[in-house]
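I have placed the structure first, in the form of structure tokens, so that the comments after it can refer back to it.
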Amino acid sequence: MKRRPDYLAHGVLGLGAALFALPVWVAFAGATETAGAINRGDLSLLPRLAGLRSFIDVLGYGASADAGVTIGHMLLVSFAMALVIALGKIAISALSAFAIAFFRFPFRMIAFWAILLTLMLPVEVRIIPTYAVMSQFHLINSFTGLTMPLIASATATLLFRQVFLAVPDELVEAARLDGAGPMRFFLDMLLPVSAPNLAALFVILFVYGWNQYLWPLLAVTNGRLNPIVLGIVRMITTDQITPWNLVMAGTIWAILPPVAVVLLMQRWFVRGLTEADK
Amino acid sequence: MARLDLRGLAKSFAATTVLHGIDLALADGEMVVIVGASGCGKSTLLRLVAGLESPTAGRVLLDGTDITDTDPSRRDIAMVFQNYALYPHMTVFGNMEYGLKLRGLPRAEIARRVDEAAALLGLGPLLDRRPRQLSGGQRQRVAMGRAIVREPKLFLFDEPLSNLDARLRVQVRADIRRLQRRLGVTSLYVTHDQTEAMTLADRLVVMHEGRVAQIATPVEVFDRPADTYVAGFIGDPAMNFCPAVLARGGTMAALAAGAQIPLAGGRHAAPDGTRILIGIRPQHAERAAAPTGLAVTIELIEPLGSETLLHGKLADDTEFALRITGPPGPLGDGMTLPVHLPPEQLHVFDAASGLRLDPTPPGAGVGSGSGQD
């Protein structure tokens with residue numbers, strides 16, 4: 001039995017997709033225009049093949065500026081920052097969730113609530129004290145200072161705790177009888193069993209790290225550690241003509257890594273979901 | 001291979017006492033089944049032996065060595081869990097080798113043991129599969145394999161068949177028994193299923209509310225239950241209990257339902273007039289041709305094919321079940337059926353304590369049995 005396609009549903013779907021894709025397309029097409037054309041307002045939706053060069057040019061943009069930092073370099077900084085933040089968050093929150101979910105120690109619930117409380121204190125709220133602490137540790141303008149304050153994560157801890165609590169007690173006991181100590185159990189059982197959650201979380205956290213703006217703006221005054229998000233903003237100046245085509249090309253570059261991570265990890269965690277059996 | 005000794009093992013969780021001092025000794029190679037209703041403490045007992053919980057009092061001795069405070073992984077004990085607890089992300093081979101790998105056994109030795117166990121359990125073709133890809137029975141066998149490869153001194157089984165369907169259960173039950181005999185490993189098996197308990201056990205431990213009600217061979221538990229709890233728990237359909245008082249110097253019972261019936265085996269030591277319970281299994285009560293002074297009013301008829309189960313009440317409203325061979329025939333609800341209680345099939349219990357009362361046969365020694373032989 002073949003059903004007639006649901007035209008309305010497809011229409012809505014197409015509209016939604018277009019709504020999200022259009023700005024990206026405009027940026028892509030814009031990147032191929034000349035800066036002058038964009039400044040005049042001549043923005044075409046058809047890309048100019050000759051203008052594709054700006055995607056290459058933009059990577060070297062900024063080499064002549066005062067710090068001499070190129071957009072390509074900023075992309076690398078962003079990538080490293082997002083990676084360290086995502087992995088750091090996963091490591092710290094998985095371990096703290098492990099402690100909270102599997103061990104009985106004094107003040108366990110207080111620790112849990114303290115972690116939960118930080119959910120209400122994102123970087124933006126505690127930015128001044130965080131800056132003060134980092135500055136006293138002389139970590140301003142360092143990669144550590146850029147990433148560390150962003151690593152502690154209540155959300156991930158909470159999520160891991162729920163995942164770990166769902167692990168059957170018998171599995172824990174079987175591992176104990178097999179002679180697995182706590183850390184061995186954590187590495188051999190808990191992490192593989194929660195692999196799908198791990199992958200999903202990595203995607204979310206990577207994008208979170210990639211999109212950080214406010215903290216890098218404060219923590220980095222030396223251009224060498226500027227992430228791409230800051231770099232793009234700095235390209236837009238008021239005292240000279242903004243190279244809009246390069247800004248747009250930079251934007252496209254800045255979108256690509258998170259998209260790649262999502263696509264890559266999506267396949268991975270779907271596979272994880274179908275193979276896992278708790 | 002190994003003897004297990006439990007001495008005064010007790011466990012309390014906060015204010016509730018789950019186990020009140022259990023004493024139990026398992027001989028080398030023996031299969032002891034602990035049976036009881038849920039909440040009787042049987043699983044807790046097993047977990048104490050495994051070391052997953054620590055006892056409030058008492059000691060656990062394995063081959064004379066006190067292992068009460070030993071880490072579970074160093075006790076030389078393997079356990080098969082109710083839900084199998086297979087590691088979901090590892091293959092069958094991975095599941096079986098994991099414990100050995102952590103123990104630091106050489107690769108060749110691990111491979112030999114896993115192959116042996118796999119051959120024994122027919123798991124050979126499944127070694128590369130993951131638990132998710134296995135059926136319930138196969139998972140159960142992997143769980144067994146994981147226990148076997150460790151070559152432990154003691155096997156612990158925590159209701160390993162309860163997640164299987166009825167048909168498979170019968171088969172796996174027989175497999176477990178054969179395997180245990182063949183390997184000769186001392187085993188402690190916990191179940192709430194009395195058929196499982198009866199068929200598997202060398203000796204049976206019936207537990208009730210954190211205490212041992214009886215320890216004996218399955219046949220003895222069935223034939224000479226130590227108290228009314230055991231008598232009612234073991235045997236299906238359950239035993240009938242008729243209130244009565246002792247009479248004629250402890251040789252007769254005057255049933256509350258009216259009749260006076262003789263008791264086998266001589267005098268019962270308690271004074272006449274002692275309130276007792278007469279127990280008889282539905283398959284032992286007989287349908288009488290002529291009136292016997294005792295009759296059942298039928299309330300429900302359950303035909304089971306080769307036999308028929310009749311549920312009804314005696315004259316004093318005591319519930320009474322009767323199993324007769326063959327189809328119900330002309331019997332119908334509301335009919336009254338005279339029954340005969342063969343003296344040698346009766347079990348006499350003290351009504352107050354619930355404990356079994358045995359007669360002292362004239363001239364003979366103590367305790368040669370009032371039940372059937």
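Each reported figure results from applying straightforward, stated rules to the coordinates on display, with no laboratory input. Bear in mind that the values here come from a model prediction, so they are computed numbers and not experimental data. Cβ atoms come from the backbone with ideal geometry, glycine included; neighbour counts cover every protein chain shown.
For the stretch B:237-360, which semi-axes, largest first and in whole Å, follow from the square roots of 5 times the eigenvalues of its Cα gyration tensor?
27, 13, 12
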Positive-end residue, the protein assembly as shown charge dipole about Cα centroid, Cβ charges, pick of B:Leu19, A:Gly60, A:Met120
A:Gly60
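Give me B:Leu331, A:Leu45 ranked fewest to most by other Cβ atoms within 10 Å of their Cβ, as a rough exposure proxy. Before the final figure, lay out the partial values.
On the way: B:Leu331 15, A:Leu45 10.
Going from sparsest to densest Cβ surroundings: A:Leu45, B:Leu331.
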Take the stretch B:1-125, compute every pairwise Cα distance, and split them into 10 Å bins from 0; I just need the percent in each bin.
11, 34, 32, 19, 3, 0
In chain A, once you exclude exposed chymotrypsin sites (Phe, Trp or Tyr not before Pro) (DSSP loop, at most 13 other Cβ within 10 angstrom), what's the longest stretch remaining?
A:1-102
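Defining a contact as two alpha carbons under 8 Å apart and six or more residues distant in sequence, what relative contact order in percent does chain B show? List each step's numbers first, then the result.
Numbers: 815 pairs, mean separation 54.9, N = 373.
The normalised contact order for chain B reaches 15 percent.
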Unit Cα scatterers, Debye sum, chain A: log10 I(q)/I(0) for q = 0.11, 0.14 Å⁻¹:
-0.82, -1.10
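What is the order of A:Ser153, A:Ser96, B:Ser162, B:Ser38, fewest Cβ neighbours within 10 Å to most?
Details: A:Ser153 24, A:Ser96 20, B:Ser162 13, B:Ser38 8.
By the 10 Å Cβ count, ascending: B:Ser38, B:Ser162, A:Ser96, A:Ser153.
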Can you spot the aspartates and glutamates whose alpha carbon is less than 16 Å from A:Lys89's alpha carbon? Ignore those fewer than 8 places along the same chain.
none
I need the phi-derived Karplus couplings for the stretch A:212-222: 6.51 cos²θ - 1.76 cosθ + 1.60, θ = phi - 60°, integer Hz, Gly and Pro marked x.
4, 10, 5, 5, x, 4, 8, 6, 10, 10, 8
Quick one: Debye curve from the alpha-carbon atoms of the stretch B:4-229 only, equal weights, vacuum; give me log10 I(q)/I(0) at q = 0.10, 0.13, 0.14, 0.18 Å⁻¹ to two decimals.
-0.45, -0.76, -0.88, -1.37
Suppose the Debye formula is applied to equal point scatterers at every Cα of the stretch A:77-200; what is log10 I(q)/I(0) at q = 0.15, 0.17, 0.20 Å⁻¹?
-0.79, -0.95, -1.16
Going by Cα centres, the stretch B:252-326 and the stretch B:139-207 are how many Å apart?
36 Å
Calculate the radius of gyration of the Cα atoms of the stretch A:39-91 to one decimal place, then report Dmax, the largest Cα-Cα distance, as a whole number, both in Å.
16.5, 50
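Could you give the size of the charge dipole of the stretch A:7-275 about its Cα centre, using +1 on the Cβ of each K and R and -1 on the Cβ of each D and E, expressed in debye and rounded to the nearest 20?
On the way: 14 positive and 12 negative charges, 32 e Å.
Charge dipole of the stretch A:7-275: 160 debye, to the nearest 20.
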For the protein assembly as shown, the dipole about the Cα centre with charges only on Cβ (Lys and Arg +1, Asp and Glu -1), to the nearest 20 debye, works out at 1900 debye
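What translational diffusion coefficient, to the nearest whole µm²/s, does the stretch B:31-83 have by Stokes-Einstein, given a Kirkwood radius computed over alpha-carbon pairs, a temperature of 20 °C and 1.002 mPa s viscosity? Kindly include the intermediate steps, with their values, before the conclusion.
Working: Rh = 12.1 Å.
Reported coefficient: 177 µm²/s.
Given Cβ point charges of +1 (Lys, Arg) and -1 (Asp, Glu) and nothing else, what value in debye, to the nearest 20, does the dipole of chain B about its Cα centre take? Present the calculation step by step, with values, prior to reporting the outcome.
Numbers: 39 positive and 41 negative charges, 277 e Å.
Using Cβ point charges on Lys, Arg, Asp and Glu, chain B gives about 1340 debye.
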Which listed residue (B:Phe222, A:Thr155, A:Ile228) has the Cα farthest towards the positive end of the charge dipole for the protein assembly as shown, taking +1 on Lys and Arg C-beta and -1 on Asp and Glu C-beta about the Cα centre?
A:Ile228
Proxy exposure order for B:Ile324, B:Ile148 (fewest C-beta within 10 Å first) is B:Ile324, B:Ile148
May I have the count of lysine pairs in chain B with C-alpha atoms under 27 Å apart, counting pairs 8 or more residues apart or located on different chains?
4
Membrane-span-like helices in chain A: DSSP H runs reaching 18 Å or more (Cα, own axis), mean Kyte hydropathy at least 0.0?
A:7-31, A:71-102, A:195-210, A:244-275
Can you give the mean number of other chain Cβ atoms that lie within 10 Å of the Cβ atoms in peptide B:87-99?
4
Residue by residue through the stretch A:180-186, what is 3J(HN,Hα) from phi via Karplus (6.51 cos²θ - 1.76 cosθ + 1.60, θ = phi - 60°)? Round to whole Hz and write x for glycine and proline.
7, x, x, 6, 5, 4, 4
Among A:Pro258, A:Pro47, A:Pro168 - extreme Cα towards positive end, dipole of the stretch A:7-275, charges at beta-carbon:
A:Pro168
Per the helix-only model, the protein assembly as shown has a calculated mean residue ellipticity at 222 nm (DSSP H runs of ≥4, -39500 (n - 2.57) each, divided over all residues, rounded to the nearest 500) of -12500 deg cm²/dmol
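Cα-based Rg of the protein assembly as shown per 2.2 N^0.38 Å, rounded to two decimals? Please report the intermediate quantities before stating the final value.
Working: Rg = 37.6 Å, N = 651, 2.2 N^0.38 = 25.8 Å.
Taking the Cα Rg and dividing by 2.2 N^0.38 Å, one obtains 1.46.
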